1. Can you name the residue in segment 1-36 that is in contact with a strand residue (DSSP E or B) (Cβ under 6 Å, 6 or more places away or on another chain) and in a helix (DSSP H, G or I) and, of all such residues, is surrounded by the fewest Cβ atoms within 10 Å (Cβ to Cβ)?
2. Would a scan of segment 419-430 turn up a residue that is within 16 Å of the ligand (Cβ to nearest atom), closer than 30 Å to E270 by Cα and in contact with an Asp or Glu (Cβ under 7 Å, 6 or more places away or on another chain)?
3. What residue, of T171, T146, T177, is away from the ligand (no atom under 16 Å from the Cβ) and within 20 Å of the chain's Cα centre (by Cα)?
4. Just one of the numbered conditions (1) within 26 Å of the chain's Cα centre (by Cα); (2) of a type in the set (F, W, Y); (3) not assigned by TED's automatic domain parsing to the domain that holds L22 is not true of F421; which one?
5. Could you tell me which residue of segment 186-207 is nearest to S65 (Cα to Cα), considering only residues that are modelled with pLDDT of 80 or more and among the polar types (S, T, N, Q)?
6. Are any residues in segment 288-303 within 26 Å of the chain's Cα centre (by Cα) and more than 16 Å from the ligand (Cβ to nearest atom), and if so, which ones?
7. Quick check on my filter: what residues within segment 245-260 are crowded, with 17+ Cβ neighbours inside 10 Å and not hydrophobic (A, V, I, L, M, F, W, C)?
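The values are calculated or read from the model by the stated rules, or taken from the named source; none is laboratory data. Everything numeric here is computed off the predicted structure, so don't read it as measured data. Reconstructed Cβ throughout: ideal geometry from the backbone, glycine too, with neighbour counts over all protein chains shown.
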Amino acid sequence: MPKDFLKGARDSYDVVVIGSGLAGLTAANTLAKQGYSVLLLEHHYQLGGMATWFKRAGGHIFDISLHGFPVGMIKSCRRYWTKEIADSIVPLRQIRYDNPMFSLATTFTREDFTRQLIEQFRVPAETVQNFFDTARGMNFYDDQTTTVGQLFERFFPGREDVIRFLMEPITYANGSTLEDPAISYGIVFSNFMSKGVYTFEGGTDRLIGLMKADLERNGVDLRIRSGVEQIHVERGRVQGVTVNGRRINATAVISNANIKQTILKLVGREKFKRDFIDQTEAVRLNNSSTQVYLALRPGAHLDESNGDLLFSSTAPLFRTQALLSRDITSRTYSFYYPRTRPGSDRSLIVSSTNANYHDWADLPEDEYQASKQDLIETTLDAISKYVPDIRDKLDHVEASTPRTFQHYTWHPSGASFGTKFEGLAVSRALPEQIPGLYHAGSVGIIMSGWLGAMNYGVIVANDVDAFLLKQSAGAPQPAVAP
Ligand SMILES: Cc1cc2nc3c(=O)[nH]c(=O)nc-3n(C[C@H](O)[C@H](O)[C@H](O)COP(=O)(O)OP(=O)(O)OC[C@H]3O[C@@H](n4cnc5c(N)ncnc54)[C@H](O)[C@@H]3O)c2cc1C
């Protein structure tokens with residue numbers, strides 16, 4: 001008989017959370033700490049969503065999305081998780097760029113960007129200061145018609161090298177483009193490029209292990225291998241879910257699944273107003289990624305002068321389409337030295353490249369496997385510029401593609417960062433359409449990435465708390481859309 005992953009689960013909870021990405025986990029933890037009964041359902045066999053890892057023979061552990069996050073993670077982890085988690089966040093020591101326009105190392109602080117822009121790129125100090133002040137001063141309610149490209153043109157007309165310096169890491173990090181609203185860049189830029197880039201000492205497996213322990217302490221009922229098939233909307237409001245064929249009721253449901261998937265598949269379009277469905281369908285997914293994972297033999301030395309993060313490109317100019325192309329010219333390397341996992345003697349490298357799902361989705365199996373092998377070989381060739389003896393030191397290598405990300409997270413098209421900016425409005429409007437139904441997860445650039453997802457989980461948990469308080473006070477709920 002197949003194992004019952006819901007054994008012992010109750011028939012009803014205050015809140016059901018669908019998905020264990022960082023937004024789902026943080027929302028669940030916040031609500032459990034407030035005293036609500038919370039059931040968290042994850043289809044995968046491990047928690048974390050994109051914040052994940054995998055192990056391979058020989059004791060190698062690969063991190064998928066632990067490349068860097070802003071300093072704000074320390075505060076959020078201390079507030080919403082534990083001191084132990086917050087205290088394990090450490091700065092990356094060095095971030096490098098290497099492309100046909102320039103090659104340099106930076107600490108990713110405002111001071112260092114200012115120095116480089118003035119000394120290396122010869123931009124007047126006043127322009128740099130004005131640019132930083134403008135980027136920093138942007139907020140969500142600003143004019144959203146100005147694009148990132150227009151913002152750069154205003155401050156650095158004709159300076160493709162400066163644009164590359166300021167934009168390439170952000171594009172690598174979350175797929176944003178010169179056509180996106182300038183506000184999205186402003187916020188990410190001031191979060192990310194002002195006080196350095198940080199990582200989690202001990203790896204993603206340790207982080208998620210500590211989070212799991214905290215969730216359990218706070219009484220969250222955690223279930224893996226529990227894929228939600230349907231969200232039930234009856235009598236004008238959310239009523240619960242069907243998971244692994246079993247119905248479980250809830251006063252509120254938070255979906256951490258992709259917003260389009262939540263509305264169009266898990267609830268069903270007939271439950272929403274027509275214009276809301278149109279709005280949902282118009283939301284663009286973010287791009288996906290390919291990665292190549294390289295483990296060096298135990299004890300093999302990896303030169304730390306490579307830095308922790310290296311943005312490398314052979315493309316003469318910075319172009320978004322070139323970053324997505326299967327004809328790869330740009331790779332971001334994360335170098336994991338033994339200090340990443342104190343006590344370990346392992347060095348690993350993960351090479352990441354943005355990718356289009358459709359370039360991989362429909363390949364016949366033999367072509368797919370051959371393309372993966374080609375990705376591995378070309379990456380090994382490319383990285384030998386920085387680690388000349390890489391092939392001799394290699395113990396394990398494999399690749400993932402947009403199909404891999406889709407398989408493990410159920411994100412349509414394997415989207416690495418959820419949706420583009422317009423997904424946020426749809427996500428926020430969900431409870432107006434269906435009382436009791438919320439979404440927390442990657443939408444737009446601000447509400448994605450480790451910090452964005454975690455903070456969005458808290459925002460939504462607070463909304464749910466307010467909703468549940470109203471419920472218990474017996475306040476009437478607005479009628480659901482026809
Ligand atoms: C290759 C790569 C590199 C990245 N690098 C970085 C980085 O360096 N720094 C950074 O800050 N961010 C990075 N990110 C992004 C970051 O990892 C994500 O933005 C963030 O982790 C997303 O969290 P989330 O809460 O939106 O949910 P997700 O991580 O998307 O998780 C959603 C969860 O819901 C589950 N689920 C979906 N549908 C169902 C269902 N029906 N039933 C049950 N469960 C379901 C999925 O299995 C998944 O576990 C990277 C992402 C990728 C792919």
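1. Here the residue is A32.
2. Yes, that holds for at least one residue.
3. The unique qualifying residue is T177.
4. Every listed condition holds for F421 apart from (3).
5. Here the residue is T204.
6. Within segment 288-303, the subset within 26 Å of the chain's Cα centre (by Cα) is 288-295.
Of everything in segment 288-303, just one residue is within 26 Å of the chain's Cα centre (by Cα) and more than 16 Å from the ligand (Cβ to nearest atom), namely A295.
7. Keep residues of segment 245-260 that are crowded, with 17+ Cβ neighbours inside 10 Å, which gives 248, 250-260.
If the condition is that a residue be crowded, with 17+ Cβ neighbours inside 10 Å and not hydrophobic (A, V, I, L, M, F, W, C), then T251, S255, N256, N258, K260 are the ones that fit.
Quick grid of which residues meet (1) more than 26 Å from R225 (Cα to Cα); (2) outside any helix (DSSP H, G or I); (3) within 16 Å of the ligand (Cβ to nearest atom):
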{"site": "E398", "(1), (2), (3)": "no, yes, yes"}
{"site": "S416", "(1), (2), (3)": "no, yes, yes"}
{"site": "L451", "(1), (2), (3)": "no, no, yes"}
{"site": "G457", "(1), (2), (3)": "no, no, yes"}
{"site": "V460", "(1), (2), (3)": "no, no, yes"}
{"site": "L469", "(1), (2), (3)": "yes, no, no"}
